[in-house]
Every structure is written in C-alpha cells, then in structure tokens.
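Asks: One structure, as structure tokens, below. Some questions next.
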Amino acid sequence: MDKILITGGRRLEGRISVSAAKNAALPIMATALLSAEPLDLENVPDLADISSMRRLLQLLGVEVTHKAGEAGHMVLHCPELLSTTAPYDLVRRMRASVLVLGPLVARAGEARVSLPGGCAIGTRPVDIHLSGLEALGAKIELDGGYVHATAPGGLQGAEYLMPTVSVGATENLMMAAALARGQTVLMNCAREPEIVDLAACLNAMGAKVKGAGSERIVIDGVEALRGALHRIIPDRIETGTYAMAAGITGGRIEIDGADPSLFGEALDKLRRTGLALDATETGMVADGGGARLSGVDVMTQPYPGFATDLQAQFMAMMCVADGAAMITETIFENRFMHVPELHRMGARITVQGSSALVRGVERLKGAPVMATDLRASVSLVLAGLAAEGTTEINRVYHLDRGYADLERKLRACGAQIERQA
C-alpha cells in the first residue's frame, strides 16, 4: 500500500494550477443519463472518484470517450440505458454514486441502487433523497441493501421542503425534476457553487431550472433533454488546501484557475489568520508572509458558511498558529478522526463533543501517521509540510479521490515530498 514521505520545514513558493471541482463534476456526469444525446464536458479532473463514476455510468449504458490531446475533455453519450441497477460493488466505493438514482427514475421510470459507501466521516443517510422522490410520485422500497424506486407513469412535479439542507439530495431532486411533468419547487435547498454549476449544465441541456444558489429552486419539467457543452468550475476545496499550504509554511503560492468568489465565509476566516489572499489575472495568490498566523475560531456550516471539507486543513494550520482556535463541526459527526494523528506530531488539541480547542505550538514534529478519509489525509500532508523532520503518511489512497498530482504540485513549490509503494 502506498505511503507519502514528507520532510518538512520548508517555506513553499511557486505556482500551482488548481483542478476542476470533483463535487461539481460527479453530479454533472450523472446528467448524461437524462439525455440520448452526447454531453461534452471540459475540465474534468483526473481523480479516483471520477474513474469510479465513469465505470458506473458505463455499466448503465453511457459511452465515455476522451478527446485526444485535450486533458480533462470527456464526452458522455447514453443513446439507451443498458441497465437501471447500480450494484453494491461499485456504489460502495463512493457515496456520490447515489446521484444516478434521480436520473434513472426520471428517464426509465425505475432504478435499483445500492445504499452508498464512501469516507467514514458519518452516517450521511439518503432519507431526504428518497422522501423527495416520493414527493415526485416515485414508489420507494428498501430491500437487501438496495433502494428500489419505481415511477412507471413518470414523475410528477411537486413542492418539497427538505427537512435539513442536503447537497446530494438537492442535486438528485434537481435532476429528477428536470424530466418530471409540470413544475417542481424545492425548498430549503443547498446553495453551494456546485449546485449552481449543475443547474447551468442542465439548462444548457434544455432544462428549465431557476433559483440555483438560493434556498428555493424552481424546475419546470421538459419532455427531453439535448446534448450540451459545459465546463466544470474550479475546485474551491483544492484551492483552499493549497492556500493553507502557503499559510502553514509561511510561503507564497500563486494558484492558477482559482476563483475566490466561490469561497463564501471561508475567504474571510482565512484572511483573519493573517494569510493574504488576493485575486490575480490568472486566479489568486496566497501569501503567508513568512510570519506565524493567528488563531481564529470557525464553525462549519452549509454554504456560504465555512465548508466542512476545509475543516481538517484549517485545524492543521491552527496547530502552529499563535494563540488558540475553537473549531466546531456541525455537518458530520465523525470528522475529527485526524485529531489523534495530529497529536502524534505534537499538536495540542482538546476535543469536547463537536468542538475542538486547538492551542498552537511553535512547531510540529514528523511522525508516522495514518489517514482516515480524504480531507483528513490532506490535513496530515499540510502538517507534514510544516513539521520538523520526516512525516510518513499511510493509507494515502484517500488522497487520490480528491487531489490530482498533489505531490508534483507541491514539489513544484519546493516541498520535499514523495510517494512510495
């Protein structure tokens, strides 16, 4: 099993190109199931999760081709569905696989999808996905670890108030409603930029989606969707991660392709630590200023609040900040699993329920550590970049789910980092 070795203590300086957003690309890839015409996607990231979704879509009948000589250019074409079953063996690898449920029911009137797996950061139930589809007229049965949804007469537009904000349910129901008869009104929707990007792709395909990015989304169903060309937005989580790599090492990194407008509250929180973040003609620059950052409290919240996917990285940065920081996690109940590993590196963190008090230390020390999920993995990379000595990170396959060419990008900025089999 691969591991990553980092010899820390180096100030990072250089330029990194940010990849496209995995969390935007995955639902957009699923929209190919809604149309018999080709969906042409630009800027698709080269990640393990993308490969998992591609394999699942191919099993369902989607033809996937890549434009020669154009990295990240993918064409998905589903002239007819070959299957409406998403099997456990594929779905267990990645939670986002449940996003095929809505499109399959909308197009075929039936879907049999295994209950999903993914990172061990909480239960993340799919009940909102299912109750939303029931509101649209689908009949839902759970049997043998599978969701069996049927709507032989097609889906019917309806009003549905989500009991809690859910990104995945918002996406699934948007896609399902695109082909439903009549108008669907979704309330208490997620407002993430990835939702807005999905709506833009659906509308390019001929859907009628209004209000994406707000709490109320209105979808007027159409009989069929056409093919389209769409470019995936840049990854705000990867951008924030590399910005914090500059912060934790006191360095300066130019992040090409970044879009600061996608950050929400996180932009202000990062700046309050003393990390300078400024827009450039090609993206943004993150400058740690060669000085120790200040402790800042954060609480994760649905967008535009501080993203839960940045919490572990922010905690790593606070481990060497001046003062203390209270970090409160409100989205996932098990998202402090990186804390014991940071303790091994000399961090001072006290966890009480859903909050962690981080008292900054002068420096961390390299140690053997183990990754538990995607964002925990990269938080250990950040800690290793700032630590004295060598850090050995095990179970790094999580990283490949969300960060393309991580070692190469960091080496280009002066990091001493390598992967070993």
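Asks: Are there any pairs, at least 6 apart or on different chains, whose C-beta atoms fall under 7 Å, with the first in region 404-421 and at negative phi and the second exposed (fewer than 15 other Cβ atoms within 10 Å of the Cβ) and modelled with pLDDT under 95, and if so, which?
Replies: Cβ pairs passing all conditions: Ala404/Asp46; Arg419/Asp2; Gln420/Asp2; Ala421/Asp2.
Asks: Tell me, yes or no, whether region 290-304 has at least one residue that is without any contact (Cβ under 8 Å) to a residue 40 or more places away in the chain, within 17 Å of the chain's Cα centre (by Cα), under 29 Å from Gly257 (Cβ atoms) and surrounded by 16 or more Cβ atoms within 10 Å (Cβ to Cβ). Quick ask: steps written out before the conclusion?
Replies: Just the residues of region 290-304 that are without any contact (Cβ under 8 Å) to a residue 40 or more places away in the chain, to begin with: 294, 296-301.
From what's left, within 17 Å of the chain's Cα centre (by Cα): 300-301.
Checking the rest, the ones that are also under 29 Å from Gly257 (Cβ atoms) come to 300-301.
The next check asks that each one be surrounded by 16 or more Cβ atoms within 10 Å (Cβ to Cβ); those that pass are 300-301.
Within region 290-304 (the criterion being without any contact (Cβ under 8 Å) to a residue 40 or more places away in the chain, within 17 Å of the chain's Cα centre (by Cα), under 29 Å from Gly257 (Cβ atoms) and surrounded by 16 or more Cβ atoms within 10 Å (Cβ to Cβ)), the answer is yes, since at least one residue qualifies.
Asks: Given the conditions (1) in contact with an Asp or Glu (Cβ under 9 Å, 6 or more places away or on another chain); (2) in contact (Cβ under 8 Å) with a residue 12 or more places away in the chain; (3) surrounded by fewer than 17 Cβ atoms within 10 Å (Cβ to Cβ), which single one is not true for Ser214?
Replies: Exception for Ser214: condition (1).
Asks: Considering only region 152-173, how many residues are among the hydrophobic types (A, V, I, L, M, F, W, C) and out of contact with any Gly (no Cβ under 8 Å at 6 or more places or on another chain)? Talk me through it step by step, then tell me what you get.
Replies: Quick first cut of region 152-173, residues among the hydrophobic types (A, V, I, L, M, F, W, C) only: 155, 158, 161-162, 165, 167, 169, 173.
Adding the requirement that they be out of contact with any Gly (no Cβ under 8 Å at 6 or more places or on another chain) leaves 161, 165, 167.
Total satisfying the criteria: 3.
Asks: While we're on this one: Inside region 26-52, can you point out the residues that are of a type in the set (A, V, I, L, M) and closer than 19 Å to Ala68 by Cβ? Talk me through it step by step, then tell me what you get.
Replies: Here is the first cut: in region 26-52, the ones of a type in the set (A, V, I, L, M) are 26, 28-30, 32-34, 36, 39, 41, 44, 47-48, 50.
The answer is Leu39, Leu41, Val44, Ile50.
Asks: Filter region 12-40 down to residues that are crowded, with 24+ Cβ neighbours inside 10 Å and part of a strand (DSSP E or B), then give me how many there are.
Replies: 4
Asks: Moving on to the next point. Is it the case, given these coordinates, that Asp220 is under 18 Å from Tyr303 (Cβ atoms), of a type outside the set (Lys, Arg) and not assigned by TED's automatic domain parsing to the domain that holds Cys413?
Replies: Numbers: under 18 Å from Tyr303 (Cβ atoms): no; of a type outside the set (Lys, Arg): yes; not assigned by TED's automatic domain parsing to the domain that holds Cys413: yes.
Criteria not met by Asp220.
Asks: Okay, next question. Determine whether Leu277 is under 25 Å from Ala347 (Cβ atoms), outside any strand (DSSP E or B) and modelled with pLDDT of 95 or more. Working first, answer last.
Replies: On the way: under 25 Å from Ala347 (Cβ atoms): yes; outside any strand (DSSP E or B): no; modelled with pLDDT of 95 or more: yes.
Against the criterion (under 25 Å from Ala347 (Cβ atoms), outside any strand (DSSP E or B) and modelled with pLDDT of 95 or more), Leu277 does not qualify.
Asks: Ok, one more. Which residue pairs have Cβ atoms closer than 9 Å, lie 6 or more positions apart in sequence or on different chains, and pair a first residue in region 162-184 that is without any contact (Cβ under 8 Å) to a residue 40 or more places away in the chain with a second residue that is surrounded by fewer than 24 Cβ atoms within 10 Å (Cβ to Cβ) and hydroxyl-bearing (Ser, Thr, Tyr)?
Replies: Once the first residue is without any contact (Cβ under 8 Å) to a residue 40 or more places away in the chain and sits in region 162-184, its partners that are surrounded by fewer than 24 Cβ atoms within 10 Å (Cβ to Cβ) and hydroxyl-bearing (Ser, Thr, Tyr) give Met162/Ser131; Pro163/Ser131.
Asks: It is to be established whether one or more residues within region 88-96 are in a loop (DSSP other than H, G, I, E, B), within 23 Å of the chain's Cα centre (by Cα) and buried (at least 22 other Cβ atoms within 10 Å of the Cβ). It would help to see each step written out before you state the result.
Replies: Just the residues of region 88-96 that are in a loop (DSSP other than H, G, I, E, B), to begin with: 92-94.
Next, from what is left, pick out any that are within 23 Å of the chain's Cα centre (by Cα): 92-94.
Then keep just the ones that are buried (at least 22 other Cβ atoms within 10 Å of the Cβ); that gives 94.
Checked region 88-96: at least one residue is in a loop (DSSP other than H, G, I, E, B), within 23 Å of the chain's Cα centre (by Cα) and buried (at least 22 other Cβ atoms within 10 Å of the Cβ).
Asks: Please give the number of the condition Met326 fails out of (1) crowded, with 19+ Cβ neighbours inside 10 Å; (2) part of a strand (DSSP E or B).
Replies: (1)
Asks: Just one of the numbered conditions (1) touching a Lys or Arg at 6+ places or on another chain (Cβ under 7 Å); (2) more than 23 Å from Gly402 (Cβ to Cβ) is not true of Phe306; which one?
Replies: With (1) touching a Lys or Arg at 6+ places or on another chain (Cβ under 7 Å); (2) more than 23 Å from Gly402 (Cβ to Cβ) applied to Phe306, the lone miss is (2).
Asks: In addition: Could you pull out the residue among Thr241, Thr184, Thr249 that is of a type in the set (S, T, N, Q), crowded, with 17+ Cβ neighbours inside 10 Å, at pLDDT 95 or above and not assigned by TED's automatic domain parsing to the domain that holds Ser379? Before the answer, list the steps.
Replies: Values: Thr241 fails: not assigned by TED's automatic domain parsing to the domain that holds Ser379; Thr249 fails: not assigned by TED's automatic domain parsing to the domain that holds Ser379.
Residue meeting the stated conditions: Thr184.
Asks: Looking at region 370-404 only, could you name the residues that are at pLDDT 95 or above and among the charged types (D, E, K, R)?
Replies: Glu388, Glu392
Asks: Does region 372-381 contain at least one residue that is closer than 23 Å to Ser52 by Cα and of a type in the set (Asp, Glu)? Outline the logic, then answer.
Replies: Narrowing region 372-381 to residues closer than 23 Å to Ser52 by Cα: 372-378.
Then keep just the ones that are of a type in the set (Asp, Glu); that gives 373.
Yes, the conditions are met somewhere in region 372-381.
Asks: Another one. Within region 2-26, track down each residue that is among the charged types (D, E, K, R) and within 14 Å of Leu410 (Cβ to Cβ). If you could, list the steps in order and put the result at the bottom.
Replies: Taking region 2-26 first, the residues among the charged types (D, E, K, R) are 2-3, 10-11, 13, 15, 22.
Residues satisfying the conditions are Arg10, Arg11, Glu13, Arg15.
Asks: For Ala321, state whether it is under 20 Å from Arg11 (Cα atoms), surrounded by fewer than 17 Cβ atoms within 10 Å (Cβ to Cβ) and of a type in the set (Gly, Ala, Ser).
Replies: On the way: under 20 Å from Arg11 (Cα atoms): yes; surrounded by fewer than 17 Cβ atoms within 10 Å (Cβ to Cβ): no; of a type in the set (Gly, Ala, Ser): yes.
Spelling it out, it is not the case that Ala321 is under 20 Å from Arg11 (Cα atoms), surrounded by fewer than 17 Cβ atoms within 10 Å (Cβ to Cβ) and of a type in the set (Gly, Ala, Ser).
Asks: Is it the case that Glu392 is farther than 22 Å from Asp46 by Cα and in contact (Cβ under 8 Å) with a residue 24 or more places away in the chain? Steps first, answer last, please.
Replies: On the way: farther than 22 Å from Asp46 by Cα: yes; in contact (Cβ under 8 Å) with a residue 24 or more places away in the chain: yes.
Judged against the criteria, Glu392 is a match.
Asks: Considering only region 237-258, I want to know if a residue exists there that is assigned to a helix (DSSP H, G or I), out of contact with any strand residue (DSSP E or B) (no Cβ under 7 Å at 6 or more places or on another chain) and among the acidic types (Asp, Glu).
Replies: Taking every residue of region 237-258 in turn, at least one turns out to be assigned to a helix (DSSP H, G or I), out of contact with any strand residue (DSSP E or B) (no Cβ under 7 Å at 6 or more places or on another chain) and among the acidic types (Asp, Glu).
Asks: For Val222, state whether it is surrounded by fewer than 24 Cβ atoms within 10 Å (Cβ to Cβ), hydrophobic (A, V, I, L, M, F, W, C), more than 17 Å from Ala279 (Cβ to Cβ) and out of contact with any strand residue (DSSP E or B) (no Cβ under 6 Å at 6 or more places or on another chain). Break it down into steps so the answer makes sense when it comes.
Replies: Values: surrounded by fewer than 24 Cβ atoms within 10 Å (Cβ to Cβ): yes; hydrophobic (A, V, I, L, M, F, W, C): yes; more than 17 Å from Ala279 (Cβ to Cβ): yes; out of contact with any strand residue (DSSP E or B) (no Cβ under 6 Å at 6 or more places or on another chain): yes.
For Val222, the condition - surrounded by fewer than 24 Cβ atoms within 10 Å (Cβ to Cβ), hydrophobic (A, V, I, L, M, F, W, C), more than 17 Å from Ala279 (Cβ to Cβ) and out of contact with any strand residue (DSSP E or B) (no Cβ under 6 Å at 6 or more places or on another chain) - is met.
Asks: Take the residues of region 386-412 that are surrounded by 23 or more Cβ atoms within 10 Å (Cβ to Cβ) and in contact with a Gly (Cβ under 6 Å, 6 or more places away or on another chain): which is nearest to Gly290 (Cα to Cα)?
Replies: Looking at the filtered set, the residue picked out is Ala386.
Asks: A further question on this structure: Could you run through region 348-379 and say how many residues are over 12 Å from Ala312 (Cβ atoms) and in contact (Cβ under 8 Å) with a residue 12 or more places away in the chain? Reasoning before the result, please.
Replies: Applying the first criterion (over 12 Å from Ala312 (Cβ atoms)) to region 348-379 yields 348, 350-355, 357, 359-370.
Retained after the next criterion (residues that are in contact (Cβ under 8 Å) with a residue 12 or more places away in the chain): 348, 351, 354-355, 357, 359-370.
Going through region 348-379 one residue at a time, the tally reaches 17.
The values are calculated or read from the model by the stated rules, or taken from the named source; none is laboratory data. None of the values given here were measured: they were computed from a predicted structure. Every residue, glycine among them, receives a Cβ derived from its backbone with ideal geometry; neighbour counts consider all protein chains shown.
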